[in-house]
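Novice: Shown below is the structure under consideration.
The values are calculated or read from the model by the stated rules, or taken from the named source; none is laboratory data. None of the values given here were measured: they were computed from a predicted structure. Glycine also receives a Cβ, built like all others from the backbone with ideal geometry; neighbour counts cover every protein chain displayed. Only protein heavy atoms, including side chains, enter the accessible area calculation; ligands, DNA and RNA are left aside. Shrake-Rupley method; radii C 1.70, N 1.55, O 1.52, S 1.80 Å.
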Amino acid sequence: MRRPTLEAVAARAGVSRATASRVVNGQTTVAPDIRDAVLRAIDELGYVPNSAARSLVTQRTDSIALVISEPGTRVFSDDPWFSMAIRAASMELEEANKQVVLMLAANAKSHARVERYIAGGHVDGVMLISMHGADPLPAALSRLRVPVVSYGRPAVPVDMPYVDNDNVGGAEAGVRHLVASGRRRIATIAGPQDMIAGQDRLTGYRNVLRDSDRRSIVAVGDFTRESGAVAMRQLLGDDPHLDAVFVANDLMAVGALQALRQAGRRVPDDVAVVGFDDIEAAKYTEPPLTTLRHPVTEQAAAMVRMLLGLFAGGSRDPVILPTELVIRESA
């Protein structure tokens, strides 16, 4: 069967092709009764608009690029953070009748590919996730004058709207909880220091210890389970008498709990543990993990809403979402 055309819709509705086109493209300059006739004809004929032709008229693709500056092995790993953020952003875009285009940009070659794709006008806007250090994409996309929003404060000095959570304040709350419980030798497993979240959570840890006459004991991981276990063993080697650890994300905290168990340290009797994120697994660790609830899905949805608002000239002011201390048995 031949695909129904816009001309066929116009003939069925008894209107001109131009009028049918205005209805299909969502213009509001058509009388309600005529709009109803066109929509009824579309339904009866099973007409599906040609997206390429529609884009020529509207100058919109109705597609949004979700660019993650990580390799596939990291995005599609056991870290639930990525799936939570992707799912939340996709659902919010679906509600707005937008299509998400997932792109990974972990090296110079993929950065260039992403830049070419966006410069080619294939998407109406861009959301950036998990940027590291001097990532070239924020500056490159700013030059293209395409609407861009970052998940988290960009690490490079570029005028880009972003949605973040209170990483510093959340870390402070977690470490204050350990101080209030009487712990004296409080270490941290910090996140990667080429990421703003890693830097800010380490800052929060140091802020509290500086005000509580305790010294900093720091190991650095990369937000993976394995790095948490390695860092925990390093901390125990550096200070066998430490009695608490603040871990910059829950996945590293899972690895830390495993390393403590292997070293014969009881949690929380010997060492209290606080994580950050409140992933689903935090409820089921042994013991259940005290952590800071990071509103991943809310942050991703807010990022989408900010980007859609930019299309209409909306605010570029940063949005900072609060974190919440969730107390369980590990601390």
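Novice: Taking into account only those residues within the range 225-263 that are acidic (Asp, Glu) and closer than 22 Å to Arg74 by Cα, which is least open to solvent (accessible area, probe 1.4 Å)?
Specialist: Going through the range 225-263, the residues acidic (Asp, Glu) turn out to be 226, 238-239, 243, 250.
Subset that is closer than 22 Å to Arg74 by Cα: 226, 250.
Numbers: Glu226: 117, Asp250: 1 Å².
So the residue we want is Asp250.
Novice: Further, regarding this structure: Given the residues Arg316, Arg225, Arg233, which is the only one that is of a type in the set (Lys, Arg) and under 26 Å from Arg214 (Cα atoms)?
Specialist: Working: Arg316 fails: under 26 Å from Arg214 (Cα atoms); Arg225 fails: under 26 Å from Arg214 (Cα atoms).
Being of a type in the set (Lys, Arg) and under 26 Å from Arg214 (Cα atoms) holds for just one of Arg316, Arg225, Arg233, which is Arg233.
Novice: Evaluate the range 56-64: report whether one residue or more is open to solvent by 50 Å² or more (accessible area, probe 1.4 Å), at pLDDT below 90, out of contact with any helix residue (DSSP H, G or I) (no Cβ under 6 Å at 6 or more places or on another chain) and not in a loop (DSSP other than H, G, I, E, B). Working first, answer last.
Specialist: Step one: list which residues in the range 56-64 are open to solvent by 50 Å² or more (accessible area, probe 1.4 Å), which gives 56-57, 59-60.
Going one step further and asking which of them are at pLDDT below 90, we end up with 56-57, 59-60.
From what is left, the residues that are out of contact with any helix residue (DSSP H, G or I) (no Cβ under 6 Å at 6 or more places or on another chain) are 56-57, 59-60.
Restricting the remaining residues to those that are not in a loop (DSSP other than H, G, I, E, B) gives 56-57.
Yes, because at least one residue in the range 56-64 is open to solvent by 50 Å² or more (accessible area, probe 1.4 Å), at pLDDT below 90, out of contact with any helix residue (DSSP H, G or I) (no Cβ under 6 Å at 6 or more places or on another chain) and not in a loop (DSSP other than H, G, I, E, B).
Novice: Tell me, please, whether a residue that is at pLDDT 95 or above and charged (D, E, K, R) can be found in the range 201-221.
Specialist: Scanning the range 201-221, I find at least one residue that is at pLDDT 95 or above and charged (D, E, K, R), so the answer is yes.
Novice: Mind checking which residues of the range 180-203 are among the hydrophobic types (A, V, I, L, M, F, W, C), touching a strand residue (DSSP E or B) at 6+ places or on another chain (Cβ under 7 Å) and over 13 Å from Val247 (Cβ atoms)?
Specialist: So the first thing to find is which residues in the range 180-203 are among the hydrophobic types (A, V, I, L, M, F, W, C), and the list is 180, 186-187, 189-190, 195-197, 202.
Retained after the next criterion (residues that are touching a strand residue (DSSP E or B) at 6+ places or on another chain (Cβ under 7 Å)): 186-187, 189-190, 202.
Result: no residue meets the conditions.
Novice: Among the candidates Arg176, Arg184, which residue alone is open to solvent by 40 Å² or more (accessible area, probe 1.4 Å), touching a helix residue (DSSP H, G or I) at 6+ places or on another chain (Cβ under 6 Å), over 20 Å from Ala229 (Cβ atoms) and in contact (Cβ under 8 Å) with a residue 12 or more places away in the chain? So that I can check it myself, show each step before the final result.
Specialist: Values: Arg184 fails: touching a helix residue (DSSP H, G or I) at 6+ places or on another chain (Cβ under 6 Å).
Just one listed residue meets the conditions, Arg176.
Here's the yes/no breakdown for (1) out of contact with any Phe, Trp or Tyr (no Cβ under 8 Å at 6 or more places or on another chain); (2) free of Cβ contacts under 8 Å to residues at least 60 places away in the same chain; (3) closer than 29 Å to Pro161 by Cβ:
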{"residue": "Asp277", "(1), (2), (3)": "no, no, yes"}
{"residue": "Glu280", "(1), (2), (3)": "yes, no, no"}
{"residue": "Lys283", "(1), (2), (3)": "yes, yes, no"}
{"residue": "Leu292", "(1), (2), (3)": "no, no, yes"}
{"residue": "Gln299", "(1), (2), (3)": "no, no, yes"}
{"residue": "Met303", "(1), (2), (3)": "no, no, yes"}
{"residue": "Met306", "(1), (2), (3)": "yes, no, yes"}
{"residue": "Phe311", "(1), (2), (3)": "yes, no, yes"}
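Novice: I want to confirm something. Restricting to the range 289-309 and keeping residues that are of a type outside the set (Lys, Arg) and open to solvent by 30 Å² or more (accessible area, probe 1.4 Å), which single residue is farthest from Ser181 (Cα to Cα)?
Specialist: Of the residues in the range 289-309, the ones of a type outside the set (Lys, Arg) are 289-292, 294-304, 306-309.
In the following step, the residues that additionally are open to solvent by 30 Å² or more (accessible area, probe 1.4 Å) were identified as 297-298, 308.
On the way: Thr297: 31, Glu298: 31, Leu308: 45 Å.
Step by step, filter the range 289-309, then rank; the result is Leu308.
Novice: Continuing with this model, one more query. Give, as residue ranges, the helices (runs of 4 or more DSSP H) completely inside the range 69-123 that count at least 2 residues that are within 24 Å of Pro295 (Cα to Cα), touching a residue at least 12 places away in the same chain (Cβ under 8 Å) and open to solvent by 40 Å² or more (accessible area, probe 1.4 Å). Quick ask: steps written out before the conclusion?
Specialist: On the way: elements: 72-75, 80-95, 108-119.
Result: 80-95.
Novice: Only one of these is of a type in the set (Phe, Trp, Tyr) and at pLDDT below 95: Phe276, Phe311. Name it. Step through it out loud before you land on a result.
Specialist: Numbers: Phe276 fails: at pLDDT below 95.
After ruling out the rest, the residue left standing is Phe311.
Novice: Which residue is most open to solvent (accessible area, probe 1.4 Å), if the candidates are limited to the range 132-170 and must be among the small types (Gly, Ala, Ser), assigned to a loop (DSSP other than H, G, I, E, B) and in contact (Cβ under 8 Å) with a residue 40 or more places away in the chain?
Specialist: Start the filter on the range 132-170 by keeping residues that are among the small types (Gly, Ala, Ser), which leaves 133-134, 139-140, 142, 150, 152, 155, 169-170.
Filter once more, so that each one left must be assigned to a loop (DSSP other than H, G, I, E, B): 133-134, 152, 155.
With the extra rule that they be in contact (Cβ under 8 Å) with a residue 40 or more places away in the chain, the set shrinks to 133, 152, 155.
Details: Gly133: 27, Gly152: 10, Ala155: 50 Å².
The qualifying residue most open to solvent (accessible area, probe 1.4 Å) is Ala155.
Novice: A follow-up question, please. Looking only at the range 209-224, filter to residues that are open to solvent by 20 Å² or more (accessible area, probe 1.4 Å) and touching a Ser or Thr at 6+ places or on another chain (Cβ under 9 Å); which one of those is nearest to Asp78 (Cα to Cα)?
Specialist: Among residues in the range 209-224 that are open to solvent by 20 Å² or more (accessible area, probe 1.4 Å) and touching a Ser or Thr at 6+ places or on another chain (Cβ under 9 Å), the one nearest to Asp78 (Cα to Cα) is Thr224.
Novice: A follow-up question, please. Restricting attention to the range 168-179, does a residue exist that is under 19 Å from the mean Cα position of the chain (by Cα), under 15 Å from Asn249 (Cα atoms) and hydrophobic (A, V, I, L, M, F, W, C)?
Specialist: Checking the range 168-179: at least one residue is under 19 Å from the mean Cα position of the chain (by Cα), under 15 Å from Asn249 (Cα atoms) and hydrophobic (A, V, I, L, M, F, W, C).
Novice: Taking the range 1-49 as the search range and keeping residues that are of a type in the set (Gly, Ala, Ser) and surrounded by 14 or more Cβ atoms within 10 Å (Cβ to Cβ), which one is nearest to Asn97 (Cα to Cα)?
Specialist: Our first condition is that a residue be of a type in the set (Gly, Ala, Ser); within the range 1-49, this holds for 8, 10-11, 13-14, 16, 18, 20-21, 26, 31, 37, 41, 46.
Going one step further and asking which of them are surrounded by 14 or more Cβ atoms within 10 Å (Cβ to Cβ), we end up with 8, 10-11, 13, 20-21, 37, 41.
Details: Ala8: 25, Ala10: 24, Ala11: 27, Ala13: 25, Ala20: 20, Ser21: 19, Ala37: 23, Ala41: 21 Å.
My answer is Ser21.
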